[in-house]
Structures are given as C-alpha cells and as structure tokens.
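*Asks:* Below: one structure in structure tokens.
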Amino acid sequence: MSEFEYSSTGNEDESDEEEFVFSIPSTTQNKTTLNNIKVSKELRSHYSNLFIDSFSLIDLFIKSKTLMYSSFLESFSSTKFHKIYAKPNRGGKHTYVSPHHYITTTQNCLAVASKFLRSKSKEARIGAVYLLYTIHKTQPFKQYLINVKMTPTDYFNTKELVNSYLNKGLPDPSYCFYQLDIKRKITITSTAINPCLEANYPRV
C-alpha cells in the first residue's frame with residue numbers, strides 16, 4: 001500500500017464521500033512509513049479484512065501498469081482472492097459452509113468493490129469494474145446470484161469512464177461493464193451499499 005492511498009472525510013455516516021487516490025511519493029522514508037501506518041489504521045478501523053484484500057488486489061493491478069482484464073486476472077489469481085469464501089474450521093483447514101455464507105460474502109465483496117468506483121484514480125476505477133465483474137461471474141452459489149449495486153452517480157460515471165477507454169482503444173473495461181449492464185446484472189440504488197463491518201474473512 002505504498003502508492004495507493006485511502007482518504008477519509010472523517011465522517012463515518014457519509015461513506016459515499018470516501019475516495020481513494022494515489023499519493024505523491026514522499027521525499028523521506030519517515031513520512032512514507034507514517035503514511036502507511038495511517039492508511040493501515042484507517043482501513044482496519046473502518047472496514048473488514050475483505051476491504052483490505054480488495055484494496056491490495058486493486059493496488060497490485062495498478063502496479064502492473066497494464067489495464068487489460070488479463071492483467072487483472074493474473075493479480076486476482078496470484079493473491080488467491082477466491083479464498084474469500086473459505087472459512088477455517090477447528091482443525092485450521094479451510095472448509096466451505098452454508099449458502100448464507102456465500103451470499104453474505106458476495107454481497108460484502110461487491111459492496112467493497114463498488115466503493116472504488118468513487119476513486120480519483122482512473123486506474124483504480126477500472127480495477128473496480130474488473131473486480132465487480134469477476135466477483136459476479138465467479139460467485140459460487142449459482143442458485144441465488146447477487147447483482148451488482150450502484151448509485152445513479154456511480155453508474156453514469158462508470159459508463160462514461162469505460163466509454164472513454166473504449167475510444168482510446170482499450171475495450172476490456174467496456175466489455176466487463178456492459179456484460180453486467182446489458183444482462184441486467186446492475187441494480188441502481190439510491191444510496192451507497194456498505195459492507196458488513198463485523199465479518200472477519202480469512203486471508204492468505
């Protein structure tokens with residue numbers, strides 16, 4: 001998390017005002033260390049481990065310097081992000097549990113990913129589109145598929161973003177977004193969706 005910075009408004013009730021930006025590299029190691037500590041504390045105070053996992057995944061994707069979907073999938077695979085659905089049992093091994101676990105984990109992951117749609121970083125927003133698409137396509141409980149939820153502002157801003165990259169010759173973000181949109185997998189909500197803050201997700 002050395003470059004991808006989380007910024008808070010200081011008001012927990014206005015979660016849709018939170019933004020994610022790139023920080024300018026510090027000239028001293030001390031400032032960088034303090035910034036990383038501050039970012040880590042903010043993330044752990046306000047969000048579950050799932051947010052930190054999503055943050056790290058998008059950060060890794062941005063650092064790859066390639067905005068193609070294949071690059072995102074490499075980051076997704078290397079971080080073993082699919083293990084968000086695993087739950088350790090008493091023996092310490094990961095086991096798969098009730099449908100409710102799958103549903104709530106998917107809902108929380110989609111809610112977390114949607115927060116990155118409000119980033120100041122275009123690259124992070126592209127990563128959020130890829131994450132939303134990937135989570136929706138790979139959610140394990142197929143009998144009850146969870147739709148992606150977006151506010152009207154997020155929806156139109158994201159549509160404008162992917163269209164701009166399509167005009168630049170990068171079709172991947174547009175493809176992922178419109179695969180969700182055309183198939184009516186995006187639900188427009190009046191307010192931003194917050195993830196469950198109490199959940200504790202296993203991480204590698």
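The values are calculated or read from the model by the stated rules, or taken from the named source; none is laboratory data. Predicted, not measured: the structure shown is a model, and the values here were computed from it. Note that each Cβ is placed from the backbone with ideal geometry, even for glycine, and that neighbours are counted across all protein chains shown. These accessible areas exclude ligands, DNA and RNA; they are computed on the full protein's heavy atoms, side chains included. Shrake-Rupley method; radii C 1.70, N 1.55, O 1.52, S 1.80 Å.
*Asks:* Condition first: open to solvent by 50 Å² or more (accessible area, probe 1.4 Å) and either modelled with pLDDT of 80 or more or of a type in the set (Phe, Trp, Tyr) (or both). Now tell me which residues in the range 180-204 satisfy that.
*Replies:* Listed by number, the residues that qualify are Ile182, Lys183, Arg184, Lys185, Thr187, Ile188, Ser190, Thr191.
*Asks:* I'd like to verify a number: residues in the range 131-149 that are aromatic (Phe, Trp, Tyr) and under 15 Å from Ile186 (Cβ atoms), how many? Can you show your working first?
*Replies:* Narrowing the range 131-149 to residues aromatic (Phe, Trp, Tyr): 133, 141, 144.
Cutting the leftovers down to under 15 Å from Ile186 (Cβ atoms) gives us 133.
Within the range 131-149, residues that are aromatic (Phe, Trp, Tyr) and under 15 Å from Ile186 (Cβ atoms) number 1.
*Asks:* Could I ask something else about it? Quick one: is Ala192 part of a loop (DSSP other than H, G, I, E, B) and touching a Lys or Arg at 6+ places or on another chain (Cβ under 9 Å)?
*Replies:* Values: part of a loop (DSSP other than H, G, I, E, B): yes; touching a Lys or Arg at 6+ places or on another chain (Cβ under 9 Å): yes.
Yes; evaluated as a whole, the condition is true for this residue.
*Asks:* Right, next: Quick check on the range 62-72. Is at least one of its residues open to solvent by 50 Å² or more (accessible area, probe 1.4 Å), basic (Lys, Arg), part of a helix (DSSP H, G or I) and without any contact (Cβ under 8 Å) to a residue 12 or more places away in the chain? Step through it out loud before you land on a result.
*Replies:* Within the range 62-72, the subset open to solvent by 50 Å² or more (accessible area, probe 1.4 Å) is 63, 65-66, 68, 70.
Then drop every residue that is not basic (Lys, Arg), which leaves 63, 65.
Next, from what is left, pick out any that are part of a helix (DSSP H, G or I): 63.
Subset that is without any contact (Cβ under 8 Å) to a residue 12 or more places away in the chain: none.
Within the range 62-72, not a single residue is open to solvent by 50 Å² or more (accessible area, probe 1.4 Å), basic (Lys, Arg), part of a helix (DSSP H, G or I) and without any contact (Cβ under 8 Å) to a residue 12 or more places away in the chain.
*Asks:* Taking Lys149 as the residue in question, decide whether it is within 19 Å of Ala111 (Cα to Cα) and open to solvent by 30 Å² or more (accessible area, probe 1.4 Å). Let's see the steps before the verdict.
*Replies:* Working: within 19 Å of Ala111 (Cα to Cα): yes; open to solvent by 30 Å² or more (accessible area, probe 1.4 Å): yes.
Yes: the conditions hold for Lys149.
*Asks:* Follow-up. Closer than 18 Å to Thr66 by Cβ and either open to solvent by 10 Å² or more (accessible area, probe 1.4 Å) or modelled with pLDDT of 95 or more (or both): does that describe Ser174?
*Replies:* Details: closer than 18 Å to Thr66 by Cβ: yes; either open to solvent by 10 Å² or more (accessible area, probe 1.4 Å) or modelled with pLDDT of 95 or more (or both): yes.
Yes, satisfied.
*Asks:* Across the range 81-133, which residue is surrounded by the most Cβ atoms within 10 Å (Cβ to Cβ) among those that are among the polar types (S, T, N, Q) and at pLDDT 90 or above?
*Replies:* Going through the range 81-133, the residues among the polar types (S, T, N, Q) turn out to be 89, 95, 98, 104-108, 114, 119, 121.
Next, only the ones that are at pLDDT 90 or above stay: 114, 119, 121.
On the way: Ser114: 24, Ser119: 22, Ser121: 19.
Looking at the filtered set, the residue picked out is Ser114.
*Asks:* Just give me the residues in the range 51-76 being of a type in the set (S, T, N, Q) and under 15 Å from the mean Cα position of the chain (by Cα), in sequence order.
*Replies:* Step one: list which residues in the range 51-76 are of a type in the set (S, T, N, Q), which gives 54, 56, 64, 66, 70-71, 75.
Once the filter is applied, which keeps residues that are of a type in the set (S, T, N, Q) and under 15 Å from the mean Cα position of the chain (by Cα), the range 51-76 yields Ser54, Ser56, Ser75.
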